[in-house]
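Asks: I have a structure here, written as structure tokens, and I will follow up with some questions on it.
Bear in mind that the values in this text are calculations on the coordinates, not laboratory data. Computed from a prediction, not measured in an experiment: that's the story for all the values here. All Cβ positions, glycine included, derive from the backbone under ideal geometry; neighbour counts span all protein chains shown.
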């Protein structure tokens, strides 16, 4: 019985050694992609840090890339934007636009800085410049609509929202990514904003989302419920039981 111990120990040792070699091989094959993996560019490494919400690290890695890259300048701007460093973000977007005057995404992002600073006139100006370069961008149309909304130009906002929805039926459902173009989502009059989204979806024939945003609007305190009965966009919804129930919805003050 005891004479078999040496051979068992050798077998166990060999097994452990083989397992260690396998683990080492796996680690070598799948290193931390955001670190110094040789076949990743600075942009790709920075993108990984952005996905992990490690924005300062992303800035450092992007800056190691080519200084004449408009794309990297724009992405550095987005990283600063996520850090709420709007002035630094603005400088980077401006740099990206200087490097590539036809870079619609950077011009749009510059508009989002002005929007965040509540300079809605300048935001609108930038969004319009971006749309000249990229008229088919649903996100930029959406941003322009939101800037109009902030200036209480509701019909202009509705027109832009409608155009955005025509270009991309999912445009209002996208969540902000860390790509190259920022889509503005912050508004002060949320109840009215959701009323206009309900109106936009109703006009496009998407009753499910129209009712969803109608509910959100009412729950957030939209007081002009008569508009749901008067606006022509909601005509096709009025016979639906869900529509009638929403009109009866009572919001309890907390």
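Asks: Is the range 42-188 rounded, prolate or oblate when judged by the Cα gyration tensor, a ≥ b ≥ c being the square roots of its eigenvalues, rounded requiring a/c under 1.5 and prolate requiring a/b larger than b/c?
Replies: It is prolate, given that a/c is not under 1.5 and a/b is the larger ratio.
Asks: Taking the Cα centre of each part, how many Å lie between the range 195-254 and the range 80-123?
Replies: 35 Å
Asks: Name the shape class, rounded, prolate or oblate, that the alpha-carbon gyration tensor gives for the range 128-251, where a ≥ b ≥ c are the square roots of its eigenvalues, rounded holds for a/c under 1.5, and otherwise prolate holds if a/b is larger than b/c and oblate otherwise.
Replies: It comes out prolate by the Cα gyration axes.
Asks: Moving on to the next point. Can you sort 216, 152, 248 by how many other beta carbons sit within 10 Å, fewest first?
Replies: Ranked by crowding around the Cβ, least crowded first: 248, 152, 216.
Asks: Which of rounded, prolate, oblate describes the range 101-172, given a ≥ b ≥ c as roots of the alpha-carbon gyration tensor eigenvalues and a/c under 1.5 marking rounded, otherwise prolate only if a/b is larger than b/c?
Replies: oblate
Asks: Sort 193, 243 so that the residue with the fewest other Cβ atoms within 10 Å of its own Cβ comes first and the one with the most comes last.
Replies: Going from least to most buried by this count: 243, 193.
Asks: Sticking with this structure for a sec: By count of other Cβ within 10 Å, fewest leading, how are 131, 40 ordered?
Replies: The most exposed by this proxy come first: 40, 131.
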